[in-house]
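Quick notes on the structure that follows.
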Amino acid sequence: MTPDRHGSAVITFPNELEVVITREFDAPIALVFDVLTKPEHVSKWGATPPDRMTECSIDLRVGGNYHSSFVTGDGTVFSFSGTYLEVEPPVRTVETWRFNCWPDVEAVETMELQERDGVTTFTWRLAFRDKAGRDHMTGFDGRQDSLDEMEAILRSLLNPSRT
């Protein structure tokens, strides 16, 4: 893992219902999958300072649920939850996606990984039920920070003596 891909996520809007974020990591696909799906890792990148993750549960199987909550610097609590529809380690998960601040918004979240020459490309897609739901997704400040934190976690796992 040599290149620093800090801040390199690409955010696109392929149509009026979808948001797609893509990021490369210099790490093997299985390790990236673990960092995306294991609570001990998600609890570190799912909220970045000054926000603080307070809950992270993942039942990684078809029909299993996930739930994460975090508290912002001003004390506001946010949470995400859903149910796994597909689980194909280490390449893909598909799950329902709900955000507590937008109770009427529903989406299907797909996380896909592809590895080539030791570089894993992560593609995160949210497909909303309607345009009104997708229109909520206009700010992505925390997503870039979370992906940068994932990179730091991957670096520490690949080179534990450097941390």
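Write out, first by first residue and then by second, each pair whose Cβ atoms fall under 9 Å of each other, whose residues are 6+ apart or on separate chains, and whose first residue, in the range 81-103, is of a type in the set (Lys, Arg) while the second is open to solvent by 60 Å² or more (accessible area, probe 1.4 Å).
Filtered contacts from the range 81-103: Arg92/Glu86; Arg92/Glu112; Arg98/Glu106.
Filtering the range 5-18 down to residues that are modelled with pLDDT of 90 or more and in contact with a strand residue (DSSP E or B) (Cβ under 7 Å, 6 or more places away or on another chain), which residue is least open to solvent (accessible area, probe 1.4 Å)?
Ranking the qualifying residues of the range 5-18, first place goes to Glu18.
Could you please give the count of residues in the range 56-74 that are open to solvent by 50 Å² or more (accessible area, probe 1.4 Å) and at pLDDT below 95?
Residues flagged as open to solvent by 50 Å² or more (accessible area, probe 1.4 Å) and at pLDDT below 95 within the range 56-74 amount to 2.
Could you grab me the full set of residues in the range 92-131 that are over 14 Å from the mean Cα position of the chain (by Cα) and under 21 Å from Arg155 (Cα atoms)?
Gln114, Glu115, Arg116, Asp117, Gly118, Val119, Thr120
Restricting to the range 3-32, name every residue that is among the aromatic types (Phe, Trp, Tyr) and within 21 Å of Ala107 (Cα to Cα).
The first filter runs over the range 3-32 and keeps only residues among the aromatic types (Phe, Trp, Tyr), leaving 13, 25.
Result: Phe13, single match.
So if I check each of Glu115, Glu106, Glu88, which one is open to solvent by 60 Å² or more (accessible area, probe 1.4 Å) and out of contact with any strand residue (DSSP E or B) (no Cβ under 8 Å at 6 or more places or on another chain)?
Values: Glu115 fails: out of contact with any strand residue (DSSP E or B) (no Cβ under 8 Å at 6 or more places or on another chain); Glu106 fails: out of contact with any strand residue (DSSP E or B) (no Cβ under 8 Å at 6 or more places or on another chain).
On inspection, the qualifying residue turns out to be Glu88.
When you go through (1) among the basic types (Lys, Arg); (2) in a strand (DSSP E or B); (3) in contact (Cβ under 8 Å) with a residue 60 or more places away in the chain one by one for Lys44, which number turns out not to apply?
Exception for Lys44: condition (2).
Which residue pairs have Cβ atoms closer than 7 Å, lie 6 or more positions apart in sequence or on different chains, and pair a first residue in the range 59-74 that is of a type in the set (A, V, I, L, M) with a second residue that is in a loop (DSSP other than H, G, I, E, B)?
Filtered contacts from the range 59-74: Val71/Asp51.
If you check Met137 against the conditions, is it within 19 Å of Phe25 (Cα to Cα) and not in a strand (DSSP E or B)?
Numbers: within 19 Å of Phe25 (Cα to Cα): no; not in a strand (DSSP E or B): yes.
Judged against the criteria, Met137 is not a match.
Return the pair list, or none, for Cβ contacts closer than 8 Å from residues in the range 12-38 that are within 19 Å of Glu151 (Cα to Cα) to residues that are assigned to a helix (DSSP H, G or I) and open to solvent by 60 Å² or more (accessible area, probe 1.4 Å), at least 6 apart or on different chains.
Ile21/Arg143; Ala27/Leu157; Ala27/Leu158; Leu31/Leu157; Leu31/Leu158; Val35/Leu157
How many residues are at pLDDT 95 or above, surrounded by 18 or more Cβ atoms within 10 Å (Cβ to Cβ) and either of a type in the set (Phe, Trp, Tyr) or touching a strand residue (DSSP E or B) at 6+ places or on another chain (Cβ under 7 Å) (or both) if we restrict to the range 29-55?
5
The values are calculated or read from the model by the stated rules, or taken from the named source; none is laboratory data. These figures come from a predicted structure and were not determined experimentally. Don't worry about glycine lacking a Cβ; one is built from the backbone with ideal geometry, like all the others, and counts go over all protein chains shown. Heavy atoms of the whole protein, side chains included, go into the accessibility calculation; ligands, DNA and RNA do not. Shrake-Rupley method; radii C 1.70, N 1.55, O 1.52, S 1.80 Å.
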